[in-house]
Amino acid sequence: MPEFIIEAVNVEYSYPDDTKALLNVSLQVEKGEKLAILGSNGAGKSTLFMQFNGIFHPNSGCIKYQGEAISYKNKDLIALRKKVGIVFQDPDSQLFSASVWQDISFGPLNLGLSEEEVTARVKKALLDTETTDLQDKPTHLLSYGQKKRVSIAGVLAMEPEVIIFDEPTAGLDPRHAKEFMQLLEKLSKEGKTIIISTHDVDLAYSWSDRLAIMYSGEIIAHGDPGELFLQPHLIERADLALPWLIEMHSEFVKKGWVPLSTPLPKTKEDLVRNVPTKSDQQSAK
Amino acid sequence: MIDIDSYAYNNNLKTVHPAEKALFAMITMVVCLASPTVITPLIVLALMAGGIIFKAGIPARVFVRLMLIPFSFLLISVLTIAFSISTISSGFWLSQTIKGLTIGIHYPDLITAIHLFLRSLGAVSCLYFLALTTPITELITVLNKLKVPVIITELMVLIYRFIFVFMETATTINRAQSSRLGYVTMRSSFRSMSGLFSALLGKVFVKSQELYNAMAARCYTGEIKVLTKKHPINLRNYFIIVGVEIPLILLNLLGR
């Protein structure tokens with residue numbers, strides 16, 4: 001039986017203006033897994049994330065951390081937020097200080113760590129996000145992608161168990177998006193639980209262990225990424241598209257290049273490997 | 001203003017301890033304001049101009065342009081001190097009488113005006129020295145060390161950061177409006193401008209809520225705790241400060 005680190009149990013939430021943002025959402029996140037939440041704009045991904053570290057209270061239902069419903073007392077919330085970090089979508093709403101160094105040190109200092117420890121963590125976070133060169137620059141002179149990386153560093157420095165990234169690669173150039181995915185891989189190897197929201201189907205498919213698809217406040221499906229993407233009606237209903245890997249794979253199967261029983265490719269390399277080279281085919285005859 | 005801000009982060013004195021720069025600028029400013037002669041302000045002006053242009057490496061034209069801003073204000077206020085209008089035409093150093101009213105300059109007033117003018121310019125140059133060489137974030141840490149109430153310094157941190165966020169937002173909205181011909185006539189300009197302000201006001205509320213949420217997510221409990229970078233303390237700089245200020249103070253005392 002897998003250990004669930006965070007769970008949403010029948011969570012309902014509406015904004016003060018009565019917009020229903022979450023409708024009976026239940027989701028279980030296993031410890032150490034890579035979960036991607038896919039959904040179009042306004043599907044409720046960010047709202048769900050705000051539930052996970054107690055910033056929003058559900059109207060009904062509850063959020064559980066390690067099997068226990070979270071308490072909304074100040075002290076307990078702080079304890080929860082030490083474990084569950086969120087990197088917000090808009091770095092401008094997360095960076096409160098004009099100094100990169102000061103902003104990154106904010107989280108770890110709130111954990112009550114010593115100055116030496118905080119300094120070490122800030123340096124490590126700068127290194128991990130490749131922002132060491134930016135540490136003396138003011139945040140308002142940084143580009144969007146640079147701000148994004150600094151805001152990621154601000155959460156990494158707190159070393160939470162669960163890290164939630166809201167649209168992490170939106171606004172990053174291909175190189176930094178790729179490096180960011182490598183950073184996620186590294187964090188995952190360190191045993192962190194990682195949740196990202198995205199509408200990049202290729203990224204969600206290749207990266208995640210498990211996928212949840214949200215559509216207007218509901219989780220309409222969750223499970224193995226490969227299985228979900230083989231249900232075209234589901235993908236269409238959620239205003240999403242198929243990952244190119246799956247599209248190519250199905251085309252290859254249709255044309256007989258790849259046998260039907262071949263497992264779905266997770267990477268470009270898998271896809272290429274599945275297609276036999278010409279000489280192989282001749283010898284197979 | 002944005003110019004000053006970017007120079008503060010990119011000048012040759014940026015690694016100098018902010019407290020040393022602040023001390024130097026503040027003491028010099030007080031000495032300059034307290035000076036009874038015109039010599040001290042002139043020396044201060046030269047000192048600060050040298051510091052800004054040669055030590056900090058800020059282009060001379062930037063410094064001159066910045067000095068011209070208070071220059072015009074000062075000139076107007078100083079002229080009102082220098083000139084007086086009177087029905088008595090005697091005692092003027094330079095005057096013109098029209099229909100019984102004499103407009104002119106009394107000699108002591110002129111001296112006072114020149115004094116005031118130079119003292120103010122000197123003091124402004126001290127402030128520019130500080131503003132051009134020291135980022136606001138570092139000044140705030142100096143204020144913290146001086147035990148300025150946290151509420152003030154925290155507000156400074158947030159206001160300073162959000163000036164830029166909102167200016168960026170305003171610029172974006174303005175560009176979007178201009179590209180849809182929002183400012184072609186007087187009428188549309190007024191309408192676009194009011195639209196811009198109401199959009200900004202809306203954003204202020206949204207952004208402040210988002211900021212609070214984001215800070216809460218990083219365990220914010222009501223006090224902004226941040227680590228500031230340590231700057232090396234340079235004894236030589238303190239000797240320079242003492243070495244410059246003592247002669248200036250002596251000069252002030254001699255001038256009395």
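The values are calculated or read from the model by the stated rules, or taken from the named source; none is laboratory data. Here the structure is a predicted model, which means the values were calculated and not measured. Every residue, glycine as well, gets a Cβ built from its backbone with ideal geometry; the counts of neighbours run over all protein chains shown.
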**Request:** With the condition kept exactly as written, say whether any residue in the range B:169-182 is outside any helix (DSSP H, G or I), surrounded by 17 or more Cβ atoms within 10 Å (Cβ to Cβ) and either away from chain A (no Cβ under 14 Å) or at pLDDT 90 or above (or both).
**Result:** yes
**Prompt:** Is it the case that residue B:30 is within 24 Å of residue B:111 (Cα to Cα) and touching a residue at least 24 places away in the same chain (Cβ under 8 Å)?
**Reply:** no
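Give me a count of the residues in the range A:141-152 that are part of a helix (DSSP H, G or I), within 12 Å of another protein chain (Cβ to nearest Cβ) and not polar (S, T, N, Q).
Of the residues in the range A:141-152, 3 are part of a helix (DSSP H, G or I), within 12 Å of another protein chain (Cβ to nearest Cβ) and not polar (S, T, N, Q).
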**Fill in**
Screening B:208, B:189, B:198 for residues that are in a helix (DSSP H, G or I), outside the structural domain of residue B:122 (by TED's automatic domain parsing) and modelled with pLDDT under 90 leaves only B:208
**Request:** From the list B:145, B:99, pick out the single residue that is charged (D, E, K, R) and either within 30 Å of residue A:105 (Cβ to Cβ) or within 14 Å of chain A (Cβ to nearest Cβ) (or both).
**Result:** B:145
**Message:** Given the options A:26, A:60, A:46, name the one that is among the polar types (S, T, N, Q), under 22 Å from residue A:180 (Cβ atoms) and touching a strand residue (DSSP E or B) at 6+ places or on another chain (Cβ under 6 Å).
**Reply:** A:46
**Enumerated helices (runs of 4 or more DSSP H) restricted to the range A:61-140, each holding at least 2 residues that are at the interface with another protein chain (Cβ under 7 Å from one of its Cβ atoms) and either exposed (fewer than 15 other Cβ atoms within 10 Å of the Cβ) or among the hydrophobic types (A, V, I, L, M, F, W, C) (or both)** = A:100-110, A:115-128
**Asked** With A:156, A:184 as the choices, which residue is away from chain B (no Cβ under 14 Å), in contact (Cβ under 8 Å) with a residue 24 or more places away in the chain and buried (at least 18 other Cβ atoms within 10 Å of the Cβ)?
**Response** A:184
**Prompt:** Only one residue in B:153, B:137 is surrounded by 17 or more Cβ atoms within 10 Å (Cβ to Cβ) and touching a strand residue (DSSP E or B) at 6+ places or on another chain (Cβ under 8 Å), so which one is that?
**Reply:** B:137
**Request:** Report yes if residue A:103 is under 30 Å from residue A:137 (Cβ atoms) and in contact (Cβ under 8 Å) with a residue 24 or more places away in the chain, otherwise no.
**Result:** yes
**Request:** Report, by residue number, each residue of the range B:91-119 that is outside any loop (DSSP other than H, G, I, E, B) and of a type in the set (Lys, Arg).
**Result:** B:119
**Complete:** Checking A:86, A:63 in turn, the sole residue that is among the β-branched types (Val, Ile, Thr) and either in contact with a Gly (Cβ under 9 Å, 6 or more places away or on another chain) or not assigned by TED's automatic domain parsing to the domain that holds residue A:179 (or both) turns out to be A:63
**Asked** What is the residue count in the range A:166-178 for residues that are in a helix (DSSP H, G or I) and touching a helix residue (DSSP H, G or I) at 6+ places or on another chain (Cβ under 9 Å)?
**Response** 2
